[in-house]
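Data first, discussion second: the structure below is written as structure tokens.
The values are calculated or read from the model by the stated rules, or taken from the named source; none is laboratory data. Small disclaimer: the values here were computed from a predicted structure and weren't measured. Ligands, DNA and RNA are stripped out before the accessible areas are found, and what is left, the full protein with its side chains, is counted by its heavy atoms. Shrake-Rupley method; radii C 1.70, N 1.55, O 1.52, S 1.80 Å.
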Amino acid sequence: MKSFIVLLAALVFTGAGAAQQYKWVDADGKVRYGDTPPPGVKAMPLKPPPAAPQPPAAASKDKALTPEAAFQKRQREREEEVEKAAKERAAADAKRQNCAQARLSLRQLQSGQRIATLNTAGERSFLEDAQRARETERAEKAVSEWCGS
């Protein structure tokens, strides 16, 4: 019975909060506010207060998750971030190594020393000037690609 009375009172006060509010000046010259102005008084209706902003749909969706589901979701997101960071580190390491190798190759070609290679028969042959120029150009391109300069 007690809870019924509390519920009824809550409903009554909720309805009063949603009622139209008015502003008027009484016979004594005082400004008064209320939801029902006295008869014979010029009353101005007031604008209702702005509605409370609605939470974003994503936030309400997350709130619908159980604590266990929310924990698992955060755990998956954390694992994805760790994997992404590991991939980025591996890519950066590979780029550094490729840059170092390309610069070393370019320095060797630009040193002016004779460079020997093995042909298909396994015999040693030296690079000619035209071959050295092509290899130097290729090495410069590799340096600019991997080192960014």
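Please go through the stretch 65-94 and give me each residue that is open to solvent by less than 100 Å² (accessible area, probe 1.4 Å) and of a type in the set (D, E, K, R), ordered by number. I'd like the intermediate steps shown before the answer.
Step one: list which residues in the stretch 65-94 are open to solvent by less than 100 Å² (accessible area, probe 1.4 Å), which gives 65-66, 69-73, 75, 77, 82, 85-86, 90-94.
Selection gives Lys73, Glu77, Asp93.
In the list Ala27, Ala51, which residue meets the criterion of being in a loop (DSSP other than H, G, I, E, B) and at pLDDT 80 or above?
Ala27
Open to solvent by less than 70 Å² (accessible area, probe 1.4 Å), within 30 Å of Ala91 (Cα to Cα) and of a type outside the set (Val, Ile, Thr): which single residue out of Ser125, Ser105 fits that description? Break it down stepwise before answering.
Numbers: Ser125 fails: within 30 Å of Ala91 (Cα to Cα).
Unique residue meeting the criteria: Ser105.
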